[in-house]
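The values are calculated or read from the model by the stated rules, or taken from the named source; none is laboratory data. This one's a predicted model, so the numbers in the text were calculated from it and none came from an experiment. Reconstructed Cβ throughout: ideal geometry from the backbone, glycine too, with neighbour counts over all protein chains shown.
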Amino acid sequence: MTASDSNQAHPHAVTDLCDEGRRLYASALRAGRIARTEVTPAPCLMEFALLHPDPDDADWLRPVPPSAALAQRLHPIEREIRERRHLTIELADSFEPFMAISAQDPPTTHAITVLEGFNRINAAIDLATAECRTEVLTVQPGGGRSEHALHEALERGQALIGRGVSMRTLYQHTVRHSQGTLAYAERMAEGKVEIRTLEQLIERLMIFDRTVAFIPARDDRQVALELRHPGLVEYLAAVFEQFWQRGVPLQEQVSYDHTPDGISGVQRSIAKLLVEGYVDEAIARRLGMNVRTARAHIAKLAATLGSGSRAQLGYLIAQSSILEQDH
């Protein structure tokens with residue numbers, strides 16, 4: 001059995017030994033050794049180095065004294081505590097010269113803070129996540145997210161639902177075809193988590209406890225704004241609620257009604273963006289799909305309307321009644 005197999009069979013830490021592990025370890029301590037065949041039900045004893053092979057007989061195992069096992073685990077913790085204390089002193093010394101200066105300044109609310117770089121943005125979001133106590137609202141436009149982004153979201157999300165925090169997230173319809181996003185949603189389903197989707201969304205948005213919000217300030221997402229002004233945060237929360245009311249729960253099917261001309265809801269959305277002057281790349285970004293998919297829809301729309309050119313397509317859309325249909 002490999003270490004990964006034993007983790008699956010015994011998903012516990014050394015601080016929470018299974019009943020079989022406790023019984024066998026105690027038996028080995030009393031007898032001074034234990035047969036290898038006896039410890040098969042508790043592979044965790046070998047994994048946690050509580051038993052080691054008998055040098056005189058390969059069929060037997062000897063117990064590691066509890067004092068030695070404890071010391072082995074306490075040593076790195078004590079070293080980390082010493083290092084943390086040393087770092088605390090260094091940080092206090094570094095900022096001490098500035099304390100008197102800041103005390104002379106009038107208090108500020110930091111209503112808007114500019115965050116530059118992924119590291120600083122993620123650190124601010126991590127802090128808001130740690131301080132959050134009641135509710136998180138997020139808007140995640142675009143299609144399926146990367147494995148790295150979903151891993152970070154899962155870590156933050158599980159920390160939140162573990163504290164009983166409720167979460168509501170809005171995606172675009174295209175994530176319904178993303179296995180990674182669907183797997184993330186399934187992992188999060190054990191908490192107070194709701195996910196809905198829409199065809200079009202505003203830019204990325206995160207709101208924690210309706211007291212702090214994060215929005216991107218540049219297309220490459222290297223710059224973000226941390227907002228703590230109550231009016232701004234409440235306004236963004238109200239915008240979220242409007243989109244939320246129109247969203248379709250992830251577990252429900254999306255109805256793509258067609259017009260009598262055979263034009264789907266997605267194609268109506270594309271037609272509206274074409275008339276407004278958006279290029280293919282911008283249309284794909286707004287609808288959370290790749291450019292190839294967007295162009296395929298545009299080609300179907302052109303074929304349906306009998307258009308032979310892009311300019312004629314815009315004219316035929318404007319002359320048709322498809323934009324008057326309810327989405």
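Numbers for the structure displayed
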quantity	calculated
Leu182 of a type outside the set (Asp, Glu), more than 21 Å from Cys132 (Cβ to Cβ) and in a helix (DSSP H, G or I)	yes
Members of segment 160-202 that are within 20 Å of Glu147 (Cα to Cα) and of a type in the set (Asp, Glu)	Glu186
Residue tally, condition assigned to a loop (DSSP other than H, G, I, E, B) and under 40 Å from the mean Cα position of the chain (by Cα), over segment 8-42	9
Of the criteria (1) under 30 Å from Ala294 (Cα atoms); (2) within 19 Å of the chain's Cα centre (by Cα); (3) not acidic (Asp, Glu), which one Ala213 fails	(1)
Which numbered condition Cys44 fails, given (1) touching a residue at least 24 places away in the same chain (Cβ under 8 Å); (2) more than 21 Å from His12 (Cα to Cα)	(2)
Selection from segment 47-82 of residues that are assigned to a loop (DSSP other than H, G, I, E, B) and within 16 Å of Ala26 (Cβ to Cβ)	Phe48, Leu50, Val64, Pro65
Residue satisfying condition, being closer than 30 Å to Val39 by Cα and surrounded by fewer than 10 Cβ atoms within 10 Å (Cβ to Cβ), within set Ser67, Ser94	Ser67
Number of positions in segment 185-233 that are in a loop (DSSP other than H, G, I, E, B) and of a type outside the set (A, V, I, L, M, F, W, C)	17
Count - residues of segment 48-61 that are surrounded by 19 or more Cβ atoms within 10 Å (Cβ to Cβ) and out of contact with any strand residue (DSSP E or B) (no Cβ under 9 Å at 6 or more places or on another chain)	1
Breaking point among (1) of a type outside the set (Val, Ile, Thr); (2) surrounded by 10 or more Cβ atoms within 10 Å (Cβ to Cβ); (3) more than 28 Å from Ile34 (Cα to Cα), for Pro76	(2)
Residue match in segment 249-263 (condition: part of a helix (DSSP H, G or I) and modelled with pLDDT of 70 or more)	no
Conditions (1) touching a Lys or Arg at 6+ places or on another chain (Cβ under 7 Å); (2) under 29 Å from Gln251 (Cβ atoms); (3) modelled with pLDDT of 85 or more: number failed by Phe214	(1)
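Residue-wise test of (1) buried (at least 16 other Cβ atoms within 10 Å of the Cβ); (2) more than 19 Å from the chain's Cα centre (by Cα).
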residue: Met167; (1), (2): yes, no
residue: Tyr171; (1), (2): yes, no
residue: His177; (1), (2): no, no
residue: Glu186; (1), (2): no, no
residue: Leu201; (1), (2): yes, no
residue: Arg221; (1), (2): no, no
residue: Ala224; (1), (2): yes, no
residue: Leu227; (1), (2): yes, yes
residue: Leu236; (1), (2): yes, yes
